[in-house]
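This report concerns only the one structure given below.
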Amino acid sequence: MITVENISKSFAAGSTGAPVVALRDVSLAVEAGSLYGVVGPSGAGKSTLARCIALQERPDRGVVRFDGLNTAALDGRKLRDARRQLGIVDTRLQPERTVAGNVAAPLERLGVEGPQRRNRVGTLLDLIGLTRRATQLPGDLSEGQRRRVAVARALAAGPSVLLADDPTGGVESEESGSVLAVLDRARAELGATVLVTTPDASVARRVCDDVALLERGAVLESGNVLGLLGKH
Ligand code: ADP
Ligand code: ADP
């Protein structure tokens, strides 16, 4: 369970302008094992919120808690331990490594070797439906397939939370369903708690349980997706 409690974040503007307020007093609660969506237009603060939850950025005020633990109080080893629970989808793949190699990279860093590594990579390639493309390079894939590889890589180390900032942005609409299906499988088959941001309400309707509607840095409403965004 992730709770965000009254976080605010501003960025210094250029030499003249006033600071940019990216998040104002944002609170939300993500239930363990759910697929949660932060929905809002460009500039609403989605990425900033995602980076705060990913422990990549510290809010100016307020706290992010993992299972009640105040992450603002963490440093050193405890911060690294908390970060290890997070799988952050980074769309920049290593272009010179194969699909399998990209998924294996976090396992290599953890010292997971041999058949154990191969089995884990095999399980994840199966989860994303790209087993037959294991030895291809990212450049040989479609954008939607590359996103699925990025999700598999984020899951490699077995995080309890998967974070994907605009997972279908820049993906052809015919392919976005297969990207979302992989996020849904991460939740259903691996038991991960999944948090996505998207400017697209239809993305949230397709996979999210709960959503927060973000506008100009503030949560307008949050709750069950059907209640807030209606049916498909
Ligand atoms: P979204 O992801 O919803 O498009 P962002 O979180 O990227 O929104 O941005 C929210 C606001 O904060 C925007 O006005 C953006 O320009 C500003 N912002 C975000 N990150 C930075 C940063 N590192 N430096 C300065 N301004 C930023
Ligand atoms: P590259 O050099 O292109 O990154 P590697 O041959 O180093 O690719 O493979 C990286 C990892 O992926 C290895 O740990 C290997 O165990 C695993 N791997 C390679 N092919 C497969 C496959 N078809 N199924 C599962 N795992 C694979």
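The values are calculated or read from the model by the stated rules, or taken from the named source; none is laboratory data. Here the structure is a predicted model, which means the values were calculated and not measured. Note: ideal-geometry Cβ built from the backbone for every residue, glycine included; neighbour counts use all protein chains shown. Heavy atoms of the whole protein, side chains included, go into the accessibility calculation; ligands, DNA and RNA do not. Shrake-Rupley method; radii C 1.70, N 1.55, O 1.52, S 1.80 Å.
Could you identify which residue out of 154, 50, 105 has the top mean-square fluctuation in a GNM of the chain using Cα springs shorter than 10 Å?
105
How would 149, 112 rank on accessible area, largest to smallest, probe 1.4 Å?
112, 149
For segment 54-120, compute the orientation-averaged projected area of the C-alpha convex hull (one quarter of its surface), in nm².
Across all orientations, segment 54-120 yields a mean hull projection of 6.3 nm².
Return the long-range amide H neighbours of residue 162 (sequence gap of 5 or more, or a different chain), with a cut-off of under 5 Å between placed amide H atoms.
For residue 162, whose amide H was placed from the backbone, the distant partners under 5 Å are 87, 193, 194, 195.
Quick one: Karplus J couplings for segment 141-155, per residue in order, coefficients 6.51, -1.76, 1.60, θ = phi - 60°, nearest Hz, x for Gly and Pro?
9, 7, 4, x, 5, 4, 4, 5, 5, 4, 5, 4, 4, 5, 8
Quick one: which residues, 5+ away or cross-chain, put their amide H under 5 Å from the amide H of residue 61? H built at 1.01 Å from N.
Under 5 Å from the amide H of residue 61: 8.
Apply the Karplus parameterisation 6.51 cos²θ - 1.76 cosθ + 1.60, with θ equal to phi minus 60°, to every residue of segment 121-137 and state each ³J(HN,Hα) to the nearest whole Hz, in sequence, with x for glycine and proline.
For segment 121-137, the Karplus-derived couplings read 4, x, 4, 6, 5, 5, 4, 8, x, 10, 3, 6, 9, 3, 9, 7, 8 Hz, x marking Gly and Pro.
At 1.4 Å probe radius, can you tell me the per residue accessible area of the chain in Å²?
I get 49 Å² per residue for the chain.
Over the C-alpha atoms of the chain, what are the Rg and the largest Cα-to-Cα span, Dmax, in Å?
Rg then Dmax for the chain, in Å: 17.8, 58.
Less than 14 Å Cβ to Cβ from residue 110, Lys/Arg counted +1 and Asp/Glu -1: what total charge do the surrounding residues give?
+4
Might you work out the accessible area of residue 160 for me, using a 1.4 Å probe with all protein chains in place, and round it to the nearest 10 Å²?
Probe radius 1.4 Å; accessible area of residue 160 about 60 Å².
In the chain, what percent of the accessible surface is made up of carbon and sulfur (1.4 Å probe, ligands and nucleic acids excluded)?
47 percent
Using θ = phi - 60° and the Karplus curve 6.51 cos²θ - 1.76 cosθ + 1.60, what whole-Hz ³J(HN,Hα) does each residue of segment 204-211 get, with Gly and Pro shown as x?
5, 4, 6, 10, 7, 7, 10, 9
Using the Cβ atoms and a cut-off under 13 Å, what net charge is assigned to the surroundings of residue 23, where Lys and Arg are +1 and Asp and Glu are -1?
+2
Given the DSSP H assignment, sum -39500 (n - 2.57) over each helix run of at least 4 residues in the chain and divide by its residue total; what's the result at 222 nm in deg cm²/dmol, nearest 500?
-11000 deg cm²/dmol
So what does residue 80 come to for accessible area, using a 1.4 Å probe and Å² rounded to 10?
Estimated to the nearest 10 Å², residue 80 gives 130 Å².
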